[in-house]
Amino acid sequence: MDFVKLKEILEIVAGVGIEELVIEPIDPQRTRLRGANKERNIIIYDEVDDAVSDLPMGLMSVRALLSRLDLFDPDKAKIETTDDKKLINNVTIKQGRKKASYKCADPTHLAVPKKIPGNLDSDNKIELEKDFVDYISQVITSMSYTGAKAERTISLSVTDEKMKISIFDGEDDTFTDERSCEGTGVSDFSKSSWEVLPYLKVLKKSVEQDNDAIAKFSVTEHGIAVFSVGDYSIIVAPVA
């Protein structure tokens, strides 16, 4: 098992708050990642063109395994696994006399998506510069002084090359602003809404992982936000 590739995957998914993850081979050259946070509103369901493991591996705590990998030098450590010919049961990291182990979970026992319904492809590719993301973050902080935390939402819609952004405090008050989409190729789409905290978390991570510090995401016809976070696609589920 490739230490560097495994750590890269875990750093990305842990960075957006995903806690449970299944890593499973599709073929000798491709791997599927299926994971979710506790609330199941941040999801990864993606394929990578790398062979990460020979058998399916379930992680009940992404951070637990990542914290163990952090104890080792990627250039000197190696990973060994034990299995029952169907699943990986245990991961052991070794470097000289130092070693750490992690017990894997049965993937069927984890609260991760088995599949994603519908098509996640969309021509509505939205790009937001870091300054604008920081502005959105500031607005969210301002609106958080009132209302109900669990009910706060952020909404987007595009009409006539103008993107309308609405941030609802969860009770009575709403902040709105507009931004031009002229020349970006973004088509009109009706209002889509997401919980504020998961949306902002993944939005910031998208900026952080982009070489040009730009958050990149698309909105599907069902209101699902699909973010580019490094080489991976992270989904933020919409609210009704």
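The values are calculated or read from the model by the stated rules, or taken from the named source; none is laboratory data. All values reported here derive from a predicted model rather than from experimental measurement. Methodologically, a virtual Cβ is constructed for each residue, glycine included, from the backbone with ideal geometry; neighbour enumeration extends over all protein chains shown.
Would you confirm whether or not region 180-196 contains a residue that is in contact (Cβ under 8 Å) with a residue 40 or more places away in the chain, more than 12 Å from V158 (Cα to Cα) and touching a Lys or Arg at 6+ places or on another chain (Cβ under 8 Å)? Scanning region 180-196 turns up at least one residue that is in contact (Cβ under 8 Å) with a residue 40 or more places away in the chain, more than 12 Å from V158 (Cα to Cα) and touching a Lys or Arg at 6+ places or on another chain (Cβ under 8 Å).
Restricted to region 159-188, and to residues there that are more than 26 Å from G17 (Cβ to Cβ) and hydrophobic (A, V, I, L, M, F, W, C), the residue that is farthest from the chain's Cα centre (by Cα) is C181. Does any residue of region 62-78 turn out to be surrounded by fewer than 19 Cβ atoms within 10 Å (Cβ to Cβ), without any contact (Cβ under 8 Å) to a residue 40 or more places away in the chain, farther than 30 Å from V196 by Cβ and polar (S, T, N, Q)? Checking region 62-78: not a single residue is surrounded by fewer than 19 Cβ atoms within 10 Å (Cβ to Cβ), without any contact (Cβ under 8 Å) to a residue 40 or more places away in the chain, farther than 30 Å from V196 by Cβ and polar (S, T, N, Q).
Please verify whether region 154-170 includes one or more residues that are among the acidic types (D, E) and in contact with a helix residue (DSSP H, G or I) (Cβ under 9 Å, 6 or more places away or on another chain). Checking region 154-170: at least one residue is among the acidic types (D, E) and in contact with a helix residue (DSSP H, G or I) (Cβ under 9 Å, 6 or more places away or on another chain). Quick check on region 102-113. Is at least one of its residues at pLDDT 95 or above, of a type in the set (A, V, I, L, M), part of a strand (DSSP E or B) and over 17 Å from W194 (Cα atoms)? Yes: region 102-113 contains one or more residues that are at pLDDT 95 or above, of a type in the set (A, V, I, L, M), part of a strand (DSSP E or B) and over 17 Å from W194 (Cα atoms). For region 27-54, a residue qualifies if it is at pLDDT below 95 and among the aliphatic types (A, V, I, L, M), and the qualifying residues are V48, A51, V52.
Within region 55-79, can you find the residues that are more than 18 Å from the chain's Cα centre (by Cα), in a loop (DSSP other than H, G, I, E, B) and under 13 Å from C104 (Cβ atoms)?
Kept after step one, since they are more than 18 Å from the chain's Cα centre (by Cα), are these residues of region 55-79: 55-57, 67-79.
Checking which are in a loop (DSSP other than H, G, I, E, B) leaves us with 55-56, 70-77.
Hits for region 55-79 are L55, P56.
Does I93 satisfy the condition of being buried (at least 19 other Cβ atoms within 10 Å of the Cβ), in contact with a Leu (Cβ under 7 Å, 6 or more places away or on another chain), at pLDDT 95 or above and in a strand (DSSP E or B)? Yes.
Consider region 119-143 and keep the residues that are modelled with pLDDT under 95 and loosely packed, with under 15 Cβ neighbours inside 10 Å. The one that is nearest to V229 (Cα to Cα) is K125. Of everything listed in (1) without any contact (Cβ under 8 Å) to a residue 60 or more places away in the chain; (2) part of a loop (DSSP other than H, G, I, E, B), the single unmet condition for I165 is (2). When V52 is tested against (1) in a loop (DSSP other than H, G, I, E, B); (2) more than 30 Å from F217 (Cβ to Cβ), only condition (2) is not met. For beta carbons closer than 6 Å, sequence separation of 6+ or different chains, a first residue in region 107-118 that is surrounded by 14 or more Cβ atoms within 10 Å (Cβ to Cβ) and a second that is in a loop (DSSP other than H, G, I, E, B), the qualifying pairs are P107/P56.
Among the residues making up region 80-90, those that are within 29 Å of R40 (Cα to Cα) and assigned to a loop (DSSP other than H, G, I, E, B) are K86, L87.
Filtering I18, I43, I9 for residues that are surrounded by 22 or more Cβ atoms within 10 Å (Cβ to Cβ), part of a strand (DSSP E or B) and under 16 Å from the mean Cα position of the chain (by Cα) leaves a single hit, I43. I'd like to check something: does region 144-153 contain any residue that is of a type in the set (A, V, I, L, M), within 19 Å of T174 (Cα to Cα), surrounded by 14 or more Cβ atoms within 10 Å (Cβ to Cβ) and assigned by TED's automatic domain parsing to the domain that holds G223? No. Restricting attention to region 211-234, the residues that are assigned to a loop (DSSP other than H, G, I, E, B) and either buried (at least 19 other Cβ atoms within 10 Å of the Cβ) or under 14 Å from the mean Cα position of the chain (by Cα) (or both) add up to 4.
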